Amino acid sequence: MIEIGQKYKDKITGFEGIATGHVIYISGCNQTLLSPPVSATGEVISAQWFDDQRLTQTSTEALVLDNGSTPGCDMAAPRR
C-alpha cells in the first residue's frame, strides 16, 4: 500500500522521490507520483508517475505538511 509522504524508488529506472500523489484507476493500474529533490546544482527535476508494482519504499520516515491554515481543497474555486 502506497503512503503519501513516504520515499519510494522505481525498480526499473532507479528514479527516487517522495510520493506526492496517488491515483486508483478502475482498470486496476494504480500509479504514484514521485517528486524528487532538486539536483546538486539546484535544478528542479520534474515529478514522474509510476505503476505501484514498480515501487519499493526506501524510508519509513514520512514527510508531513501542516495545511491547517491553507487547506485549499475545502475552499470554493475562484470565480471571474
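The values are calculated or read from the model by the stated rules, or taken from the named source; none is laboratory data. Here the structure is a predicted model, which is why all the values come from computation and not from measurement. Ideal geometry is used to build each Cβ from the backbone, glycine not excepted, and the neighbour counts take in all protein chains shown. Just so you know, the surface numbers come from the protein's heavy atoms only, side chains and all, with ligands and any DNA or RNA stripped out. Shrake-Rupley method; radii C 1.70, N 1.55, O 1.52, S 1.80 Å.
Contact list please: Cβ distance under 6 Å, first residue in region 17-28 and more than 11 Å from residue 2 (Cβ to Cβ) and of a type in the set (A, V, I, L, M), second residue open to solvent by 40 Å² or more (accessible area, probe 1.4 Å) and modelled with pLDDT of 95 or more, pairs at least six apart or on different chains. Hits for this filter: 18/7. Summed over region 12-23, the residues that are in contact with a helix residue (DSSP H, G or I) (Cβ under 9 Å, 6 or more places away or on another chain) and over 22 Å from residue 64 (Cβ atoms) give a count of 2.
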